[in-house]
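Below is one structure, written out as structure tokens; the observations come after it.
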Amino acid sequence: MRPPHAPATDHLEPEEHHSVRGSEIRGVRKYECDGCGGQFEGEPASSGLFVWSRGDEVRYEEPPLCEECASKVTLGALVTFGIDDEEEG
């Protein structure tokens, strides 16, 4: 029994071939940071969290953050929660 024939990849029309961006060929996704609006490739360093409701419906959104903004948000939270813990004790 012979293995199935693999389709050729060199038969794309010129318009189709040029419409595919290099990052899509490599499998790298592009994101826009929700904090600063900057563009970056690869996985987000972290994400924000927005929660809102309307009636019985609850929605969650986790917008991507670049490394710099993720660090700023994390440090801001640590400082804020560190101050709150000191005041309670």
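We did not get these values from a lab; they are worked out from the coordinates using the rules stated. Please read all numbers here as calculations on a predicted model, not as lab measurements. In this analysis, Cβ positions are derived from the backbone assuming ideal geometry, glycine residues included, and neighbour counts consider all displayed protein chains.
Distance between the modelled labels on PHE81 and GLN39, one decimal in nanometres: 3.5 nm (7 Å Cα→Cβ projection).
Relative to the Cα centre, the charge distribution of the stretch 23-80, modelled as +1 at Lys and Arg Cβ and -1 at Asp and Glu Cβ, gives a dipole magnitude of about 60 debye. Against the empirical curve 2.2 N^0.38 Å, the C-alpha radius of gyration of the stretch 23-80 lands at a ratio of 1.36. Once backbone amide H atoms are built at 1.01 Å from N, SER46 has LEU65 as its partners under 5 Å, excluding neighbours fewer than 5 places away on the same chain.
The peptide list 59-69, 44-54, put in order of mean Cβ contacts within 10 Å with the highest first, becomes 59-69, 44-54.
Taking Lys and Arg as +1 and Asp and Glu as -1, the other residues whose beta-carbon sits under 13 Å from that of LEU49 total -2.
Stretching the chain fully between TRP52 and SER71 yields a gain of 4.4 nm (0.36 nm per residue, less the alpha carbon separation). Projected label points at LYS30 and GLU61, each 7 Å from Cα along the beta carbon direction, are separated by 2.1 nanometres.
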